[in-house]
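Report on one structure; see the data block that follows.
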Amino acid sequence: MLTQGSIVEAIPHAQLPLRYEALPSFEGQHAIALRRLIWLYFWLLIFEGALRKWIVPSLSTPLLVVRDPLVILIYLQAMRCRRFPLNGPMLGCFLLLVGFILLALVQITTGVGGGVLVAAYGLRTNFLHLPLIFVIPQVFSYADVLKLGKWILILAIPMTALMVLQFESSAGSWMNAATRSDVQQIEFAMGKVRPSGTFSFATGAAHFFVLATAFMVYALAQKRMIYPRWLVWSALLSVLIVQPVSGSRLLVLGCGLVVAGTIAFGMINLGRAQKILGVLVLIGVVFGALSFTGFFREASDVFMTRWNDASDAAGGVQQGIVWRFFGGFFEPFTLLPQAGLIGKGIGMGTNAASAMMTGALVFLLAEGEWARVVLEAGPLLGFSFLFYRVWVAGTVGVRAWSSAKQGKLLAWLLAWDACRSLVTEQISQPTNLGFMVFVGGLCLAALAEDRFSNRIASEPSSRHPLHNLGKGPDSRRRFRGSPLPVS
């Protein structure tokens, strides 16, 4: 009679499995599916502009909200696998949503605003994607953030090449096509078009390269290279080349904030100050070497012409840069008499509302985000929504500061863009909204850096889990993992 022991003995040792790996649970399988949906959100964020400009321009308008059904599916899947957080920020978001829905009903009933469709789009703009900030850290581990960072750096190389070609091409070139046949990309100086990369507008490229700068600096500042050296060096060249080529002050200032955060980190962690200084010197040397090339000098001259013209038109640097930023916080207070008690209509400040009501992309209420929100919803709910965004940004910033004091750099670098976006971003533009919620979620997920990630520096190169990222089944198994706690 065969027993379990005799059966095992009868099997040749070479055929025995080396180790047993438990199959994912039912809930774990749904979590894997949820992670894939978030990755799909990322890829659509990067390439939806290309779809709208080049591949299927006839579907440009519906593709404007192509991520909306996906984000709803993400929420449903998160609830299914118990990864949808029920916490203070989510409760605050829900209460604000209820208040905005009631206000929209009052506005529609009293004939204020642009009607049901405009109000629905306004509610979608303010609330549909916002919870994704808190869902991402429930699904993404620290290793997932690093893996996404690797793809960001890989994409930065062809994205820079594309933007250089757009910079050198005429405004009428197919490479500089816009999402509408009757409009063109903006020219920024000396007949050069502001490159947009694969995005529908230049602001998308600006957000992308700020994110790439954060991962590039983080990789350079580590004791061991977490990404291949060729990739980090290529990303460094790409980030520096795109600065003058972009013609975007948002891109340059956003990358500058990341560098400022790096300097602040070195001041907080004196033990790593030498490494941080080395990174800054390296960036300076490469930038200096590029400045000797004719193309880089030409692009820099064009960018400085754009910078000076914009500053002069706004009354100098103080008015053009400083007041443009800080003045946006005071503008809604000066517009309170125009807003009235219940506002001018939820959604009225979005580009979609202007297209539906006038057929043109114009600002019906205000260009600034704070002014838009207050004019749409009135002072009570308008300022409540803005305070909520400031509160979330402050919470992310405080936690990132605490992480930085413990010597963890990535969340700190991401927080500089995440917090700025949460406070000031014009979320009526879908790409801006997508980057705001995605970077915010990545920052919270990066806060989950644990002892595993602190241990990798002491491992031999052949056993380095980040060195073998995506290589072989063992590497995939180790990196898939379950989400790390966000505390």
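Every number here is computed from the coordinates shown, using simple stated rules; none is lab data. Values in this document were obtained by computation on a predicted structure and should not be read as measured data. In this analysis, Cβ positions are derived from the backbone assuming ideal geometry, glycine residues included, and neighbour counts consider all displayed protein chains.
Figures for the structure shown
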item: Paramagnetic reach from GLN406 (point 7 Å along Cα→Cβ, amide N under 18 Å) across region 87-102; result: none
item: Cβ-Cβ FRET estimate between PHE292 and ILE157, R0 fixed at 25 Å, reported to 0.05; result: 0.70
item: Region 89-144: proportion of alpha-carbon pairs further apart than 14 angstrom, %; result: 60 percent
item: Eligible lysines near LYS147 by straight Cα distance, threshold 21 Å, same-chain separation 8 or greater; result: LYS223, LYS408, LYS471
item: Violating pairs (Cα-Cα greater than 21 angstrom) within the set LYS53/LYS344; LYS150/LYS192; LYS53/LYS192; LYS150/LYS405; result: LYS53/LYS344; LYS150/LYS192; LYS150/LYS405
item: Full-extension gain in nm, LEU86 to GLN29, via 0.36 nm per residue minus C-alpha separation; result: 18.4 nm
item: Gyration tensor verdict on region 216-301 (Cα atoms; rounded if a/c is under 1.5, prolate if a/b is larger than b/c, oblate otherwise); result: prolate
item: Rel. contact order, % - alpha carbon contacts under 8 angstrom, at least six apart, region 25-480; result: 20 percent
item: Cβ-Cβ FRET estimate between PHE94 and TRP54, R0 fixed at 25 Å, reported to 0.05; result: 0.05
item: Convex hull volume per residue in cubic angstrom - Cα atoms of region 25-480; result: 151 Å³
item: Distance between modelled label sites at LEU117 and LEU336, nm, 7 Å Cα→Cβ extension; result: 3.6 nm
item: Highest average packing first - 349-356, 148-155, 194-201, 439-446, Cβ atoms within 10 Å; result: 439-446, 194-201, 349-356, 148-155
item: Ordering of 427-435, 43-51 by burial proxy (mean other Cβ atoms within 10 Å per residue, highest first); result: 427-435, 43-51
